[in-house]
Amino acid sequence: MTRLTRTLHGRSLGKRRAFPAKARHKFKACYPEKPHKLEHELASNPMLDLDALAMLGEALPESSVEYNRGDIPIGVDGKPEGNGLTIGETIRNIRTSNSWAVLKNVEQKKPYAALLSNLLDELHPIIEKRTGEMLKPQAFIFISSPNAVTPYHFDPEHNILLQLRGKKTITVFPAGKDHLAPDEAHEAYHVGGARELKWDDSFAQEGAAFTLFGGEAVYVPVMAPHWVKNGDRMSISLSITWRSEWSFEEADARAFNAMLRKAGIAPSPPGRWPARNRLKANAMRIARRIPGLA
């Protein structure tokens, strides 16, 4: 039994719901396209304290951890630079390491897989009624130094960010707006490019800022651009995500558009939910099977 397993043995969410009835009702009213704040009851879970998270970071494969300097601008060109520390050092000293770190796919470890399953089970009926089968559930944990910035970017998943300790403000922008996230940026991302986006100060007035304290959460729609500024104390957040067939169709349609654009064709963008993008998505799925085409 590893040190991480011994530490987490017996720690679980238990039978109590993490999302109270009021939060589930609001989620039902807003999902899948409207960002909104929710309440949760996970703030004191011992699986999510600093020592457990430092051990988790050290136990995960290198490809499942990312950690960078925290004193970066809202907009960056490509991946931010590292901080010169190990993941364990970064997390254990997060109050002074001037960093932000993310532990990816923590469901690789059984206690966190159970936590993710318990959380998503509470929302499962709402999700599947709107966007169909819940696909590829994942969990990510963010540990941030005081005043750290996570730059302007987008993500391909349906996402609920739960604030556990500290305070942070996440500013979410409308999805599907070309001037906020150009079609070319979407297409590049879906064929292997970076998720970071170019920032312009003129965007600021179009974002909705959600300030989160422990016990609060925010839902972020698929590919909705956003950036995060931590408060004046260290912060821990848990992101629970899932995909839908609609989100995969949107992603594959974007990848197909990248092929069209490379061929000199200016493609129309995929439709947002509830529009379906099956034709282009299926064309891309076929193209991937043809050697040298995709």
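Scanning the stretch 28-43 for residues that are at pLDDT below 85, in a loop (DSSP other than H, G, I, E, B) and more than 20 Å from the chain's Cα centre (by Cα) turns up nothing. Among the residues in the stretch 111-127, are any buried (at least 20 other Cβ atoms within 10 Å of the Cβ), assigned to a strand (DSSP E or B) and at pLDDT 95 or above? No, the stretch 111-127 contains no residue that is buried (at least 20 other Cβ atoms within 10 Å of the Cβ), assigned to a strand (DSSP E or B) and at pLDDT 95 or above. Can you confirm whether Leu162 is of a type in the set (A, V, I, L, M, F, W, C) and touching a helix residue (DSSP H, G or I) at 6+ places or on another chain (Cβ under 7 Å)? Against the criterion (of a type in the set (A, V, I, L, M, F, W, C) and touching a helix residue (DSSP H, G or I) at 6+ places or on another chain (Cβ under 7 Å)), Leu162 does not qualify. Flag set for Glu245, criterion: in contact (Cβ under 8 Å) with a residue 12 or more places away in the chain, out of contact with any Phe, Trp or Tyr (no Cβ under 6 Å at 6 or more places or on another chain), over 26 Å from Phe210 (Cβ atoms) and among the acidic types (Asp, Glu). Residues in the stretch 252-275 that are surrounded by fewer than 15 Cβ atoms within 10 Å (Cβ to Cβ) and of a type outside the set (Ser, Thr, Tyr): 8 in all. A single entry from Thr171, Thr150, Thr211 fulfils the requirement of being of a type in the set (Val, Ile, Thr), out of contact with any Phe, Trp or Tyr (no Cβ under 8 Å at 6 or more places or on another chain) and assigned by TED's automatic domain parsing to the domain that holds Leu48: Thr211. Before we move on, is Ile236 surrounded by 21 or more Cβ atoms within 10 Å (Cβ to Cβ) and among the β-branched types (Val, Ile, Thr)? Taking the combined requirement at face value, the residue satisfies it. If you filter the stretch 247-294 down to residues that are of a type outside the set (A, V, I, L, M, F, W, C), closer than 15 Å to Ala188 by Cα and assigned to a helix (DSSP H, G or I), you find that the one that is nearest to the chain's Cα centre (by Cα) is Glu250.
The values are calculated or read from the model by the stated rules, or taken from the named source; none is laboratory data. These figures come from a predicted structure and were not determined experimentally. Reconstructed Cβ throughout: ideal geometry from the backbone, glycine too, with neighbour counts over all protein chains shown.
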